[in-house]
Amino acid sequence: MDLSELERDNTGRCRLSSPVPPVCLKEPCVLGVDEAGRGPVLGPMVYAICYCPLSRLEDLEALKVADSKTLSESERDRLFAKMEEDGDFVGWALDVLSPNLISTSMLGRVKYNLNALSHDTATGLVQFALDQGVNVAQVFVDTVGLPETYQERLQQRFPGIEVTVKAKADALYPVVSAASICAKVARDQAVKNWKFVEKLQDLDTDYGSGYPNDPKTKAWLRKHVDPVFGFPQFVRFSWRTAQSILESEAEDVTWEDSETGNQEGPGKIKSYFSESPQTCPRLPHRYFQERGLESATVL
């Protein structure tokens, strides 16, 4: 799997896809959706779709695809390679969402929680398949949140497609299992080959599992937190585990309100056309006021 685009810029998101098999443009297809890396405090989250004609679903099942969490890394790699070999009837696409994108979305002025981000990413991938000309007839999705609400939302978005959303769908439907394998292979490769833009001393790449309750992951976070600048962009700093370590290991920052002076309201409209200078000081833009920023007079 070629993740060179992500390796060049791992601060946002990138989309990868296989060529669309010609048969998938003609015959009705089944499509599965799953993710890898939703829970970890380290590394990206990857959403993937996999699709094939309904007439070839038994051929996909014959590959012995299964929930990626039940397979070893070598088994996942082997199965993904097999799906690539069977590119005459199997197609896939994925979105890689960086830790930086996830955290800035969750902590932005307008909150964009992980469930909403997950739903929108999955919806975007189904739409991508349709835009590529895939004749999607059925969609199976591993749920995030309540399956009934999620299914209703997707069904409204894609009224001409039969949508099924289930918990543990990656263990129930082979096409979701295949998507699960694609997502996990991509995430494992992204984590293994992560390019740190920060100049870290004595970088330790033994992260543990990456999950917040893993002692090895917590030890890695404590080792690589900067007291001023915080964590490298490999870390989802919106996770509570990361925030707790920042609170205990990093320096406190006090944001003081800007002195805006006499904040009187605007004068009469005639004053804007007067030749005499305005006596009311001009206030900084709201952007600077809200963030406590002011012009530097001394360096």
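The values are calculated or read from the model by the stated rules, or taken from the named source; none is laboratory data. Everything numeric in this text was worked out from a predicted model, so none of it was measured. All Cβ positions, even for glycine, are placed from backbone atoms using ideal geometry, and neighbour counts span all protein chains on display. In case anyone asks, the SASA skips ligands and DNA or RNA and just uses the protein heavy atoms, side chains included. Shrake-Rupley method; radii C 1.70, N 1.55, O 1.52, S 1.80 Å.
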Exercise. Long-range amide H contacts for Val136: which residues qualify at under 5 Å (H placed 1.01 Å from N, peptide plane, sequence gap of 5 or more or a different chain)?
Worked result: Cys29
For this session: Indicate, rounded to the nearest 5 percent, the antiparallel portion of the DSSP beta bridges found entirely in the chain.
Result: 70 percent
Seminar exercise, completed: Matching label for the computed mean projected area of the Cα convex hull in nm², out of (1) 17.9; (2) 19.2; (3) 22.6, is (3)
Problem set entry | Unit charges on C-beta of K, R, D, E only; dipole of the chain, Debye | 480 debye
Seminar exercise, completed: Using alpha carbon centers only, the range 171-214 is separated from the range 15-85 by a whole-angstrom value of 16 Å
Exercise. With each pseudo-label sitting 7 Å past Cα toward Cβ, what's the Glu162-Ala62 distance in nm, one decimal?
Worked result: 2.3 nm
Problem set entry | Assigned charges on the beta-carbon of Lys, Arg, Asp, Glu; the range 103-159 dipole about Cα centre (debye) | 240 debye
Exercise. For the range 7-81, with every protein chain kept in place, what is the accessible area per residue (1.4 Å probe, Å²)?
Worked result: 44 Å²
Exercise. Amide H neighbours of Asp226 under 5 Å, counting only residues 5+ apart in sequence or on other chains, H built in-plane at 1.01 Å?
Worked result: Phe231
Exercise. Quick one: helix 114-131 against the long Cα principal axis of the chain, what's the angle to the nearest 10°, folded into 0 to 90?
Worked result: 50 degrees
For this session: State the extension gain, in nm to one decimal, for the chain segment bounded by Leu130 and Ala171, taking 0.36 nm per residue of separation less the distance between their alpha-carbons.
Result: 12.3 nm
Problem set entry | Derived scalar couplings ³J(HN,Hα) [the range 66-77; Karplus, 6.51 cos²θ - 1.76 cosθ + 1.60; whole Hz; x for Gly, Pro] | 8, 3, 4, 5, 8, 10, 6, 4, 5, 5, 5, 4
Exercise. In whole Å, what three semi-axes, largest first, describe the equivalent ellipsoid of the range 68-126 built from its Cα gyration tensor (square root of 5 times each eigenvalue)?
Worked result: 31, 15, 9
For this session: Taking the chain as the reference, fit the longest principal axis to its C-alpha atoms, fit the long axis of helix 240-249 to the helix C-alpha atoms, and give the angle between the two in degrees, 0 to 90, nearest 10.
Result: 40 degrees
Exercise. Rounded to the nearest 500 deg cm²/dmol, what is the calculated helix-only ellipticity per residue at 222 nm for the chain, with -39500 (n - 2.57) per DSSP H run of length n ≥ 4?
Worked result: -11000 deg cm²/dmol
For this session: Kindly sort Tyr173, Tyr112, Tyr51 by accessible area of their heavy atoms, largest first, with the probe set to 1.4 Å.
Result: Tyr112, Tyr173, Tyr51
Seminar exercise, completed: Simple SL model, points at 7 angstrom along Cα→Cβ for Asn213 and Thr104; separation in nm is 3.2 nm
Exercise. What is the helix-to-structure angle for 147-157, meaning the angle in degrees between its Cα long axis and the longest Cα principal axis of the chain, kept from 0 to 90 and rounded to the nearest 10?
Worked result: 90 degrees
Exercise. How would Lys216, Lys184, Lys199, Lys192 line up by accessible area, probe 1.4 Å, largest first?
Worked result: Lys199, Lys192, Lys216, Lys184
Exercise. Taking the range 117-211, how much of its Cα-Cα pair set, in percent, is spaced more than 17 angstrom apart?
Worked result: 61 percent
Exercise. How large is ³J(HN,Hα), in whole Hz, for each residue of the range 10-19 in order, when computed from phi with the Karplus curve 6.51 cos²θ - 1.76 cosθ + 1.60 and θ = phi - 60°, using x for Gly and Pro?
Worked result: 9, 9, x, 9, 9, 10, 10, 7, 7, x
Exercise. For the chain, modelled as a GNM with alpha-carbon contacts under 10 angstrom, which of Val253, Val96, Val165 fluctuates the most?
Worked result: Val253
Seminar exercise, completed: Expected field for Leu293, accessible surface area in Å² at 1.4 Å probe radius, rounded to 10, holds 70 Å²
For this session: Evaluate the relative contact order of the chain (contact order divided by residue number), counting alpha-carbon pairs under 8 angstrom at least 6 apart; express in whole percent.
Result: 24 percent
